[in-house]
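Worksheet: one structure, shown below.
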């Protein structure tokens, strides 16, 4: 059974897809409550910095260091260098990843910096990305700087 | 003599300071032309992701991988984990830093990933940050997740 926070991240990914965007979603959880939700905004806002995790953190607003240190970041896809760096900046101690088959960020480096990183290998997350990459490879490559 | 691109980044930092914000500025240069300018937007936009470098890249818009691979990112301050990760994501090959006395990001890691990182040790950049940190330490700590 998929955990409810990953389901909420997947809902964000599907929302983005329905908007014509890249199907990656994210939620930020503190003390068992979702305090931010977001999805990739490359298409929707013409943004190169609002990956799902960044949009989620932005939507969560200005938080204290203590908030971040008690947070868990969920993402449907393995966080890239940018999003991983943001986790490190704010000292978010735990990241739960839907899948890392279609893309893998610097997971070993993130773990070496003390972050707990859990990969759920969720098949729905994999399918969303596989279908999207097959349909719009240029858009996907743009999103990961390739 | 301060190079003109760093002067443009410093102008962004001063603009932010005049707006009541954090005095860090950045410009993105491709083929000798400034294609994006930005400054920290924590105060102005309530943003936790728009550090100067991120705001600059966002303002530059959606670029191609080739654009980024020919770009130089200027920042008045040593890029943090987030901004450094963004440099790595997009394969920006060169970063010119105003100063790293008041804050130092993961410079060794960035260099180990193949990025050329030059620190100019610009005294005006140092002074901007020293004065700001003395005046608003809480705001500064929030910006670096402390």
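Coordinate-derived values only; no laboratory data. Bear in mind the structure is a predicted one, so any value in this text is a computation, not a measurement. Cβ: placed from backbone, ideal geometry, glycine included. Neighbour counts: every protein chain shown.
In degrees between 0 and 90, to the nearest 10, how far off the longest principal axis of chain A does helix A:4-18 point, with axes built from Cα atoms?
Long axis of A:4-18 versus the principal axis of chain A: about 30 degrees.
Which distances, in nm and shortest first, link the residue B:127 label point to the same label point in every other copy, taking 7 Å along Cα→Cβ?
So the distances to the same position in the other copies read 6.3 nm.
So what are the range A:1-44's ellipsoid semi-axes, whole angstrom, largest first, if each one is the square root of 5 times an eigenvalue of the alpha-carbon gyration tensor? Walk me through the numbers before you get to the answer.
Working: eigenvalues 82, 26, 6 Å².
They are 20, 11, 5 Å, listed largest first.
Run through the other copies and list how far each one's label point is from that of residue B:2, in nm with one decimal, shortest first; the point sits 7 Å from Cα along Cα-Cβ.
5.1
Please report the residue of chain B with the smallest beta-carbon distance to the B-to-A rotation axis, and give that distance in Å, no decimals.
B:85, 1
Evaluate peptide B:83-95: per residue, the Cβ atoms of other protein chains within 10 Å of its Cβ; return the mean as an integer. Write out the running numbers ahead of the final one.
On the way: counts 5, 5, 15, 11, 3, 9, 15, 8, 4, 1, 0, 0, 0.
Going residue by residue through B:83-95 and averaging, the value is 6.
When the convex hull of the C-alpha atoms of the range B:1-139 is computed, what volume per residue in Å³ does it have?
Details: hull volume 13.4 nm³, N = 139.
Normalising the Cα hull of the range B:1-139 by residue number yields 97 Å³.
Given the convex hull over the Cα atoms of the range B:18-100, what projected area results after averaging over all orientations, in nm²?
Numbers: hull surface 20.7 nm².
Directional mean of the projected Cα hull area for the range B:18-100 stands at 5.2 nm².
Based on the Cα gyration tensor of the range A:61-109, what are the three equivalent ellipsoid semi-axes, each the root of five times an eigenvalue, rounded to whole Å and given largest first? Display every interim value, and only then the final one.
On the way: eigenvalues 84, 23, 14 Å².
Three semi-axes, in Å: 21, 11, 8.
To the nearest whole number, what is the average tally of beta carbon atoms from other chains within 10 Å of the beta carbons of peptide B:40-47?
Details: counts 0, 0, 1, 1, 0, 1, 3, 4.
Neighbouring Cβ atoms belonging to other protein chains average 1 per residue here.
How high is the relative contact order of chain A? Use alpha-carbon pairs under 8 Å, at least six apart in sequence, and give a whole percent. Provide the component values of the computation, followed by the final result.
Numbers: 301 pairs, mean separation 26.9, N = 146.
Over chain A, the number comes to 18 percent.
Report the antiparallel proportion of the DSSP beta bridges in the protein assembly as shown as a percent, rounded to a multiple of 5.
Values: 22 of 40 bridges.
Bridges in the protein assembly as shown that DSSP calls antiparallel: roughly 55 percent.
Report the equivalent ellipsoid semi-axes for the protein assembly as shown in whole Å, largest first, defined as the square roots of five times the eigenvalues of the gyration tensor built from alpha carbon atoms.
Details: eigenvalues 190, 88, 52 Å².
Output for the protein assembly as shown: semi-axes of 31, 21, 16 Å.
With a ≥ b ≥ c taken as the square roots of the eigenvalues of the C-alpha gyration tensor of the range B:98-137, please select rounded if a/c is under 1.5 and otherwise prolate if a/b is larger than b/c or oblate if it is not? Write out the running numbers ahead of the final one.
On the way: a/c = 5.13, a/b = 2.09, b/c = 2.45.
Oblate is the answer for the range B:98-137, as a/c is 1.5 or above yet b/c matches or exceeds a/b.
Given a Förster distance of 45 Å, report the FRET efficiency between residue B:127 and residue A:133 from their Cβ-Cβ distance, rounded to the nearest 0.05. List each step's numbers first, then the result.
Working: r = 48 Å, r/R0 = 1.07.
Calculated transfer efficiency: 0.40.
Fewest to most neighbouring Cβ within 10 Å: what's the order for A:6, A:1?
Values: A:6 21, A:1 4.
Neighbour counts put them in this order, fewest first: A:1, A:6.
Measure nothing but the geometry: give the 0 to 90° angle between the long axis through the Cα atoms of B:123-135 and the longest principal axis through the Cα atoms of chain B, rounded to 10°.
The angle comes out near 40 degrees.
For label points placed 7 Å from Cα toward Cβ, what is the shortest-first list of nm distances from residue A:31 to its copies?
Values, ascending and in nm: 5.4.
Using the alpha-carbon centroid of each, what span in Å lies between the range B:121-146 and the range B:3-66?
16 Å
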